[in-house]
Every structure is written in C-alpha cells, then in structure tokens.
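Read through the structure below, which is laid out as structure tokens, and then see the notes.
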Amino acid sequence: MPLMLELWRKAIPKLRFEQHLKSIYSHSSSCYRDRPRKADAKPTRVTMDDLEISFILSDQGDYYQLKPVIKTNGKDISEHYYKVSLFVIEPITPTNFHFHLIDNLQDEYLLNWLSEDYNKLTVLKQDFDSFQDGFLWQLGECYQIFYLPYKGKNLRPYNSKNLKTV
C-alpha cells in the first residue's frame, strides 16, 4: 500500500493534463459479465486535494453513532462520497466523478473500515464507556471529533469528561 500511494502521488500531476480521463465505477467488478463498455465510462478528475477528515458523535437516544465528515477545499462531501482503495470518490453529477487521493495510510484504513458499515459506527449506550476508553480517545488524538446532543442541532467539540452531563 505505501508503494501504491507513492506511485499515485507521482502519476496524478501527469493525469491533470489528460483531456479524456474516464472511469467506470461498478461497486464491484463482478457486475460485468463481459468487458466494460465505453458507454459506461464517465468523465473523471483525479486530484491530490487535501482531505479534511473529522467525526461527529451523535446521541441517538439509546445509542451513539459515529460518522466521518470529509471535506475538500472547504466543501463537505460526506453525504455522497464513495470509498475505493486509496481514493474517496465525490460524485459531482451522476455522470461526472472526482477522485481524491487519500493523504495517508491511516486515513485509508480507517475510512475503508467505516465503509464496511455504511460509513457509520453504532455503539449502544451501555457499551459506550469501553468504546470511549478503547477507541474514541485514540481517534480524538488524530482527528477532530464533534458531539451532537440528542435532538440537538448545534455541534460542539467532543469532550469525554462532560459528555454524560450534556
């Protein structure tokens, strides 16, 4: 993976000048019985724009839900992105994709893991203390985490010490 990431970093500046860069996003290669068709190819941009990754921990009543927030150039793409190996795909339109190269392998592994469960992690309130001690505090050392209270609309920085009193 480190070698592939480095090769993509070298290739992307050269791809910026390609006029006819296309991609086929199939969710899996098994959906093609034959070879891919030209009609399925969509216009594509591939960049190394900085991805800002943070998280929202929202209180859902009986459980908490942790979701990633992904921004590029200040634009939140969290609701509609797809995760594929080494890239986050932003669908600009149904026929136009923007591939953003992941910054580092930690982001790659974390977003791949979350994508297995539809980009969210659910934790029952009864299990939250062990989740907080075993995972959330480590996540908070590398990423910004926001807290959304139950039925609340205003995000605030996550603080484990006052979570139970919020």
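Numbers below:
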| item | result |
| --- | --- |
| Heavy-atom accessible surface of the chain: percent carbon and sulfur, 1.4 Å | 50 |
| Cross-link reach list, aspartates and glutamates versus Lys151, counting only Cα pairs under 16 Å and skipping chain neighbours closer than eight places | Asp59, Asp62 |
| Using alpha-carbon coordinates, inclination of helix 2-15 to the longest axis of the chain, degrees | 50 |
| Solvent-accessible area per residue, Å², over the chain with all protein chains present [probe radius 1.4 Å] | 67 |
| Stretch in the chain that is longest and holds no chymotrypsin sites (Phe, Trp or Tyr not before Pro) that DSSP places in a loop and that have at most 11 other beta carbons within 10 Å | 18-117 |
| Shape box of the stretch 47-140 [Cα atoms, principal axes, largest first, Å] | 43, 26, 23 |
| The chain, relative contact order [Cα under 8 Å, separation at least 6], % | 22 |
| Per residue, the convex hull volume that the Cα atoms of the chain enclose (Å³) | 149 |
| Sum of side-chain charges, Thr72 neighbourhood, beta-carbon under 15 Å (Lys, Arg +1; Asp, Glu -1) | -4 |
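The values are calculated or read from the model by the stated rules, or taken from the named source; none is laboratory data. Given the structure is predicted, the values throughout are model-derived calculations rather than measurements. Ideal geometry is used to build each Cβ from the backbone, glycine not excepted, and the neighbour counts take in all protein chains shown. Remember, those area values only see protein heavy atoms, side chains included, never the ligands or the DNA or RNA. Shrake-Rupley method; radii C 1.70, N 1.55, O 1.52, S 1.80 Å.
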